[in-house]
């Protein structure tokens, strides 16, 4: 490939970076005017009968911090910031691997059921374009979940794929100098996948899902100073998507516009804040309230609570796999319609 063309492709990809128990209850997150799947580009899979899967990554959030300005209830005059710091425990690498393996197998099954022939991964990864691409270590990242919210996540890939490949835009990182190198690698991976699509004559699919363990906005959640904290499992909108690199040089991106969530007995939630932390915050907020009442202005201490989510072995894997399967269904249906 001419050098100038490779540079242009790298720049293009860098731009992208800026079933189970019937008792389970599944939902698509509220979003009246937001489509279940957002479509960008429509021609990458047009007329295709065979596809290759170049990447399949399932991210698991283990820590998240959500916050709102001002405390609620009787302390509304105090101001400050209400924070909920949540952590997930009890999920082992073996559990994550099981989920990634099952979700990938489900994707292949759904593609075949919709008339696609799926190329063998060993042959795909052994090709000249991809033989040196990817890593064997799962990726870890500090990610931006939404405004004023961040989290730590681990991204797993199925054992049937020899290596993990990520492309630009797959991980919503917090940026910084340390991410520049990764962005270059992800851009190069995208170029390589596109080259394989053209040489093989079939589109290449990459998929990335982000599974969250807590949802601060679901109905029925515990209300803490204006933040609603609840335990459920969801494939998050915006950060879960399927990218198709066409043999014709076109690109299609299918992004979940609404989160797919599953409610069930997957996780136990507990207040992990110490008694000392609660007492200090309460005293500070009372002092701030008295100052506000006296016309001296609120001190704005706010409130913080720590929550520990304990995954239930067996149940957690079932719920996460179910959520991923529902995401597969939404994206594969849309992909089939574009064909």
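The values are calculated or read from the model by the stated rules, or taken from the named source; none is laboratory data. Note that this is a predicted model, so its numbers are computed, not measured. Cβ: placed from backbone, ideal geometry, glycine included. Neighbour counts: every protein chain shown.
Quick look at the numbers
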{"read-out": "Single condition residue 248 does not satisfy, out of (1) surrounded by fewer than 22 Cβ atoms within 10 Å (Cβ to Cβ); (2) assigned to a helix (DSSP H, G or I); (3) modelled with pLDDT of 90 or more", "value": "(2)"}
{"read-out": "Whichever residue in the range 57-97 is in contact with a strand residue (DSSP E or B) (Cβ under 6 Å, 6 or more places away or on another chain), in a loop (DSSP other than H, G, I, E, B) and crowded, with 19+ Cβ neighbours inside 10 Å and, among such residues, is modelled with the highest pLDDT", "value": "91"}
{"read-out": "Number of positions in the range 109-136 that are within 23 Å of the chain's Cα centre (by Cα) and either assigned to a loop (DSSP other than H, G, I, E, B) or buried (at least 18 other Cβ atoms within 10 Å of the Cβ) (or both)", "value": "5"}
{"read-out": "Selection status of residue 103, closer than 15 Å to residue 316 by Cα and touching a helix residue (DSSP H, G or I) at 6+ places or on another chain (Cβ under 6 Å)", "value": "yes"}
{"read-out": "Qualifying residue in the range 153-174 (condition: farther than 25 Å from residue 98 by Cα, surrounded by fewer than 19 Cβ atoms within 10 Å (Cβ to Cβ) and modelled with pLDDT of 85 or more)", "value": "no"}
